[in-house]
There are 4 protein chains.
Amino acid sequence: MNTFGHLFRITTWGESHGGAIGVVIDGCPPRLKIDIEVIQAELDRRRPGQSHLTTSRQEGDEVQILSGVFEGQSLGTPISMLVWNKDAKPSAYEHLKDVYRPSHADFTYQQKYGIRNWQGGGRASARETIGRVAAGAIAKQILREQEGTEILAYVKQIHTIIADVDSDTVTLDEIESSLVRCPDATTSEQMAEHIDQVRRDGDSLGGIIESVSRNVPVGLGEPVFDKLKADLAKAMMSLPATMGFQIGSGFGSVMSTGSQHNDPFYNDHGRTRTRTNNSGGTQGGISNGENLLLQVAFKPTATIRKAQETVDIHGNSVTLSAHGRHDPCVLPRAVPIVEAMVALVLVDHLLRQRVKSL
Amino acid sequence: MNTFGHLFRITTWGESHGGAIGVVIDGCPPRLKIDIEVIQAELDRRRPGQSHLTTSRQEGDEVQILSGVFEGQSLGTPISMLVWNKDAKPSAYEHLKDVYRPSHADFTYQQKYGIRNWQGGGRASARETIGRVAAGAIAKQILREQEGTEILAYVKQIHTIIADVDSDTVTLDEIESSLVRCPDATTSEQMAEHIDQVRRDGDSLGGIIESVSRNVPVGLGEPVFDKLKADLAKAMMSLPATMGFQIGSGFGSVMSTGSQHNDPFYNDHGRTRTRTNNSGGTQGGISNGENLLLQVAFKPTATIRKAQETVDIHGNSVTLSAHGRHDPCVLPRAVPIVEAMVALVLVDHLLRQRVKSL
Amino acid sequence: MNTFGHLFRITTWGESHGGAIGVVIDGCPPRLKIDIEVIQAELDRRRPGQSHLTTSRQEGDEVQILSGVFEGQSLGTPISMLVWNKDAKPSAYEHLKDVYRPSHADFTYQQKYGIRNWQGGGRASARETIGRVAAGAIAKQILREQEGTEILAYVKQIHTIIADVDSDTVTLDEIESSLVRCPDATTSEQMAEHIDQVRRDGDSLGGIIESVSRNVPVGLGEPVFDKLKADLAKAMMSLPATMGFQIGSGFGSVMSTGSQHNDPFYNDHGRTRTRTNNSGGTQGGISNGENLLLQVAFKPTATIRKAQETVDIHGNSVTLSAHGRHDPCVLPRAVPIVEAMVALVLVDHLLRQRVKSL
Amino acid sequence: MNTFGHLFRITTWGESHGGAIGVVIDGCPPRLKIDIEVIQAELDRRRPGQSHLTTSRQEGDEVQILSGVFEGQSLGTPISMLVWNKDAKPSAYEHLKDVYRPSHADFTYQQKYGIRNWQGGGRASARETIGRVAAGAIAKQILREQEGTEILAYVKQIHTIIADVDSDTVTLDEIESSLVRCPDATTSEQMAEHIDQVRRDGDSLGGIIESVSRNVPVGLGEPVFDKLKADLAKAMMSLPATMGFQIGSGFGSVMSTGSQHNDPFYNDHGRTRTRTNNSGGTQGGISNGENLLLQVAFKPTATIRKAQETVDIHGNSVTLSAHGRHDPCVLPRAVPIVEAMVALVLVDHLLRQRVKSL
């Protein structure tokens, strides 16, 4: 269904060109300060049109809180938030009404439902992530204020360009000062140039976003199915365009032996820590207090301006050429979305851990 | 919690050395043929001690069906299955009672619960997967008989040794005829030799399991959070020792541009298909009828015989040396587990899809 | 949480004097005709101010559909609906800020959350039922069009006045033509007079609503916990002011013996039916095709104008006198709410039943 | 599905004459003392054959704990318990294979599933409640030890015989010293005689069970759908043979006006209490600290020895006469089941309340 989380549970709704896009948070504890400015700031990070590199759609995306907050504090009741779809121009999509765009959801939605809103992607649009980011902004506030947890994400790789980033020390300022949200300044410029080149070619690029979370409480994650790494994997793979997820040493772990890969424990002034962090902050699916480290692979954006072979809903071969501007690389905008998803997973498990002690 | 799936829902229970290990399936449709021999055969594939390469524990792992089946058919009521823990020798673990084994769940369980069953890994033991495999065996039967869906998995890589497998044509026989469940015969032998060498060294290896599913119905997977790729990612990352998940072109997708990566649609005698399958069988999170292709990375097994630095629960530094035999590479036994998890995800979404039509 | 239903799942949100009140329906099958006029008509039945007997608040309660519907049809994606709180006058509730109204939720909310929106009941307001009625209107449409199921409710008793109604033959017109939604014309007038008298006294009345559903498909309801009667009981007891629920012969069943109470089966032209319907349309928790018959007891409304003894949040004794007009009997307005809840339970089980056949 | 509860979640499984009956508890907090003797004692209270008044089946019903408990303490992992079906005699039910017993689940199961285990009621058997009672025994231990909560139930009425019981002072000893679990000694004898008479007639009786819980923490229950009264209603109406549920003044509340029915608050030495308890311990769906008072109506048992008219699965009219002994009144045995369900609801909400504070 359209719900994520068990105790801090969000339900998102909305098509890209229906009336509005929104989210309902159920399970937010009461008496927490809710700052709408902070939520809006996160939405602004996600918004298209932040630079000449991205799509020119200018929605504004101003969030409204409709319930669950009273005099600046959470009530413990559902928090409903919405953003109106101001920029909707259905007619601009008329030519896509009967065409299956390659590597988009058009074909599968049509097969699954026998109906689809063909205006701008409908439910499969990236606009759906607005609700995630708004809810994630509240989750981040809770984690920061209750546990001192800091959640960061940044662009680690675009196409063949790989950044050099120290996950232990990277700061939000370093990330935000980059046009492409890559905190490695030299690489950042190369990435921006490459994206701009590809944009002019009418093509698109993918890449890897890395996320680090510091001061994660020990003990988050449930054995067996709801392991922290499993819920994080689901969170990331539920994002549009994601193709892979890895935690800690990830796929690279297979290149070492057990004696090389195991993280030895040691006593760090009374606190049990590990000397290495190949595990990426979880063991047995439960956070161990080390930095939570993960990577997500995004394929190159499916929407390109270059001509493509495809078929229409009647099975006729057609050549598709996208009109207007397009977003050649979503990774910079996806950074706050990845952070939001990490935050939603962590806050849910934080609440679940509260139940453990009677 | 210890439950997986929404409509075909399994709940597993049991510690490695408690009385028994089991699973309850809730939501299995009625009047389906349930063949206990088929279930047992899958459990036998998962069982340790199949070759000299694996751990010598000989449980037998004979499954009993306690409810939900009547005269060989499902009743529509919960199917309860269990396997007794016959080989339990708690005393063999006495020396581990107070020690945190590196990259195991000992430390995190202790922190999370303040108590743990230290006998053989307790709930974090690989024996927990018995319930998954038993339930998955039923899921596989349903998919095969109802939809003709075939689910295969095999060892694609161990350490640095990579197999050459054609996912379109590989057969179960090719997989099962290999000691390490790698259908590339030459590579299979190299892998077996390498594992045996590492076992003698007291060390361990990881690797990559690849899975292909053929004849997957179009339309499985839900938009947004319960995308097919998201539920598969969660399924795989909920397995012990998994470090990464990718679908289709996965992490490799970032090396191409959109025009290279998009899968063009064409009309194949009335059926809409894609010329390439970089998407790995899902688009917009929904199956498109192409082969479902995924890979899972397993770290080298944490249990090794080599001496390791660690601490005990009192914070004292200790050196840990595992006794007896160990399993230097779990991948061959993990193959049926990966298949089971794919089957559980697919059958759940098959049932969910039934609800779409009124 | 604020979610009801398993496959046709609604999440309601909103306080009585926050920005808006709304509902998200997740799981509505695609390609169903959604008529907003029908939804609005049900909301109008629930709306206060329909007669001089009820509260004078005039909200209009105009519903907006924000997502999930495209060109008059359901998309299969979440249907989000909201009603703005136009008539909010927080200042009118200032005197209630620190007072616990007897038999209201003020005290328990304050204890549970440590915070509450004291304006008009906040989340505990009857306005919350707007979302239920809007969602129920869609559920009713589905049941009527797919199964020919008709769901009716009516006022059976107010205070000591009991109506004489034949549940087999009563019609919607008979119900709606009564000011108090009691289809027994003579009794209806007595009820209306009695309510008006009590209103002038500043007091309030409760009563019993009866509901009959005809053409309910056989087989709805799940064994054990999600029995149809259990889900109906939960649905009704989740409404404000409800004190009791009974199905079929209900509490009266205890006055008969088994041989008197059992419903004998007979063959009615090829259809297995029961000669009596003491079971109220369900056996073993599953619908048997007979009329679904239930009753719900509502206590007299807690809000009265008469002076009452109570305490404030500091523990001081205070005397409370409600200002302005009040609603002396909510039962007429509760009739469409009861119908909505029956519809929500039935449509959820209708979808669940679809999963049973592969 | 076959699951009840959100955070303290039980899944029951088993048919009356399959291999076994069992329950899995997921969500039991760790480090709680689990006393199997206490669980067995509750099962013994539920067991048939406790007196000449009940069915003669002698199962023993010895419970085994298979997981989740280690050295007498809960691990925080799933607690799996089972009871073997020792007394199964399928052949005794052969004559019922094709017959729909009146007011039983035979017809509806057959319609729903197209298959049923016709041996002794299958999944619809009262034996299913074994799992509930075993899990409830743990819930009761938790509530007693953590909160001092005492949960009692007793027979309030059988047929026309009504007991006089003071719910404020009644004790477990008074209840258990009665053959029929009616703490009013005089009435108890009348009830026992009446049951015995009806048993000899081959007929059966129903009645009302009342339950009182003392020292219930304030704040249990969620607004809107998961109100405490709603979850209790569902719990009770999920039991076989229940026809009605009421809380506090229940159906009787309709006979009073608001000014008579409202429970005035007062300050009782610093604690806010109510002078009356018409609300039955909950307001706004949330516990207020007063005694939790509820009643459940059970119809007369459907199984009788008297001849009854019915049809078989082919639609032929047949006359059914039950063989052997029967249980003419299940209420005495249902008392521990009602207690168990109250405990399961309360402990679930106790855990849910823990999440409210960060």
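The values are calculated or read from the model by the stated rules, or taken from the named source; none is laboratory data. Everything quoted here is computed from the prediction, not taken from an experiment. Using ideal geometry, Cβ is built from the backbone for each residue, glycine included, and neighbour counts are taken over all protein chains shown.
Being under 23 Å from the mean Cα position of the chain (by Cα), touching a residue at least 12 places away in the same chain (Cβ under 8 Å), under 29 Å from B:PRO223 (Cβ atoms) and surrounded by fewer than 22 Cβ atoms within 10 Å (Cβ to Cβ) is true for just one of C:ILE79, C:ILE65, C:ILE138. Which residue is that?
Answer to the check: C:ILE65.
Go through A:LYS356, A:LYS306 for me and flag whichever is within 8 Å of another protein chain (Cβ to nearest Cβ), closer than 30 Å to A:TYR93 by Cα and of a type in the set (D, E, K, R).
Unique residue meeting the criteria: A:LYS306.
Residue check: is A:ASP164 part of a loop (DSSP other than H, G, I, E, B) and under 27 Å from A:SER103 (Cβ atoms)?
So A:ASP164 does not fit the description; no.
Of the residues in segment D:141-166, how many are on the phi > 0 side of the Ramachandran plot and touching a helix residue (DSSP H, G or I) at 6+ places or on another chain (Cβ under 8 Å)?
Number satisfying all stated conditions: 1.
Within segment C:189-203, how many residues turn out to be in a helix (DSSP H, G or I) and touching a Lys or Arg at 6+ places or on another chain (Cβ under 8 Å)?
1
Could we say that D:LEU292 is among the hydrophobic types (A, V, I, L, M, F, W, C) and either more than 23 Å from D:SER125 (Cβ to Cβ) or touching a Cys at 6+ places or on another chain (Cβ under 8 Å) (or both) here?
yes
Yes or no: C:VAL155 among the hydrophobic types (A, V, I, L, M, F, W, C), in contact (Cβ under 8 Å) with a residue 40 or more places away in the chain and part of a loop (DSSP other than H, G, I, E, B)?
Here the answer is no, as C:VAL155 does not meet what is asked.
Residue check: is C:ARG214 basic (Lys, Arg) and under 29 Å from D:LYS227 (Cα atoms)?
The answer is yes for C:ARG214.
Here are some conditions: (1) of a type outside the set (Gly, Ala, Ser); (2) farther than 30 Å from A:GLU222 by Cβ; (3) within 14 Å of chain A (Cβ to nearest Cβ). B:GLU174 meets all but one. Which one does it not meet?
Status for B:GLU174: all satisfied but (3).
Just to verify a result, which residue in segment A:310-333, among those that are crowded, with 24+ Cβ neighbours inside 10 Å and either within 13 Å of chain B (Cβ to nearest Cβ) or modelled with pLDDT under 95 (or both), is nearest to A:PHE225 (Cα to Cα)?
A:LEU331
Would you pick out the residues in segment C:264-296 that are at the interface with chain D (Cβ under 9 Å from one of its Cβ atoms), within 19 Å of C:ASP166 (Cα to Cα) and part of a loop (DSSP other than H, G, I, E, B)?
C:ARG275, C:ASN278, C:SER279, C:GLY280, C:GLY289
Go through the residues of segment C:340-350 one by one and say whether even a single one is touching a strand residue (DSSP E or B) at 6+ places or on another chain (Cβ under 7 Å), facing another protein chain (nearest Cβ under 7 Å) and not in a loop (DSSP other than H, G, I, E, B).
no
Output the residue which, of all residues in segment C:237-262 that are in a loop (DSSP other than H, G, I, E, B) and surrounded by fewer than 22 Cβ atoms within 10 Å (Cβ to Cβ), is nearest to the chain's Cα centre (by Cα).
C:ALA241
Looking only at segment C:29-52, how many residues end up being closer than 14 Å to C:ILE65 by Cα and either at the interface with chain A (Cβ under 10 Å from one of its Cβ atoms) or in a loop (DSSP other than H, G, I, E, B) (or both)?
Here the count works out to 2.
State yes or no: is D:ILE138 closer than 26 Å to D:GLY68 by Cβ and in contact with a Ser or Thr (Cβ under 6 Å, 6 or more places away or on another chain)?
No, not satisfied.
Residues in segment B:136-151: is at least one in a strand (DSSP E or B) and at pLDDT 95 or above?
Yes, that holds for at least one residue.
Looking at segment D:167-188, which of the residues that are assigned to a loop (DSSP other than H, G, I, E, B) and of a type in the set (Gly, Ala, Ser) is nearest to D:ALA41 (Cα to Cα)?
D:SER177
Under 6 Å between Cβ atoms, which residue pairs at least 6 apart in sequence (or on different chains) link something in segment A:105-128 that is facing another protein chain (nearest Cβ under 7 Å) and surrounded by fewer than 24 Cβ atoms within 10 Å (Cβ to Cβ) with a partner that is assigned to a loop (DSSP other than H, G, I, E, B) and of a type in the set (Lys, Arg)?
Close Cβ pairs satisfying both conditions: A:GLY114/C:ARG31; A:ILE115/C:ARG31.
Can you work out which of the residues in segment B:204-236 that are assigned to a loop (DSSP other than H, G, I, E, B) and charged (D, E, K, R) is nearest to the chain's Cα centre (by Cα)?
The selected residue is B:LYS227.
Looking only at segment D:86-100, which residues are surrounded by fewer than 23 Cβ atoms within 10 Å (Cβ to Cβ) and either hydrophobic (A, V, I, L, M, F, W, C) or outside any helix (DSSP H, G or I) (or both)?
If the condition is that a residue be surrounded by fewer than 23 Cβ atoms within 10 Å (Cβ to Cβ) and either hydrophobic (A, V, I, L, M, F, W, C) or outside any helix (DSSP H, G or I) (or both), then D:LYS86, D:ASP87, D:ALA88, D:LYS89, D:ALA92, D:LEU96, D:LYS97, D:ASP98, D:VAL99 are the ones that fit.
Quick check on my filter: what residues within segment C:214-238 are on the phi > 0 side of the Ramachandran plot and not β-branched (Val, Ile, Thr)?
Across segment C:214-238, the qualifying residues are C:ASN215, C:GLY219, C:GLY221.
C:ARG181: under 30 Å from C:ASN288 (Cβ atoms) and in contact (Cβ under 8 Å) with a residue 40 or more places away in the chain, yes or no?
yes
Any residue in segment B:50-59 that is surrounded by fewer than 24 Cβ atoms within 10 Å (Cβ to Cβ), at pLDDT 95 or above and under 19 Å from the mean Cα position of the chain (by Cα)?
no
Would you check which residues across segment D:228-243 are out of contact with any Lys or Arg (no Cβ under 9 Å at 6 or more places or on another chain) and at the interface with another protein chain (Cβ under 7 Å from one of its Cβ atoms) and list them?
The answer is D:LYS229, and nothing else.
For the list (1) within 20 Å of the chain's Cα centre (by Cα); (2) surrounded by 23 or more Cβ atoms within 10 Å (Cβ to Cβ), I need the number of the one condition that C:ASN291 fails.
Failed condition: (2).
If C:GLU71 meets every condition in (1) more than 14 Å from chain D (Cβ to nearest Cβ); (2) charged (D, E, K, R); (3) in contact with a Phe, Trp or Tyr (Cβ under 6 Å, 6 or more places away or on another chain) apart from one, which number is that one?
Of (1) more than 14 Å from chain D (Cβ to nearest Cβ); (2) charged (D, E, K, R); (3) in contact with a Phe, Trp or Tyr (Cβ under 6 Å, 6 or more places away or on another chain), only one is false for C:GLU71: (3).
If the requirement is being touching a Phe, Trp or Tyr at 6+ places or on another chain (Cβ under 8 Å) and outside any helix (DSSP H, G or I), which of these qualifies: D:GLN110, D:GLN119?
The match here is D:GLN119.
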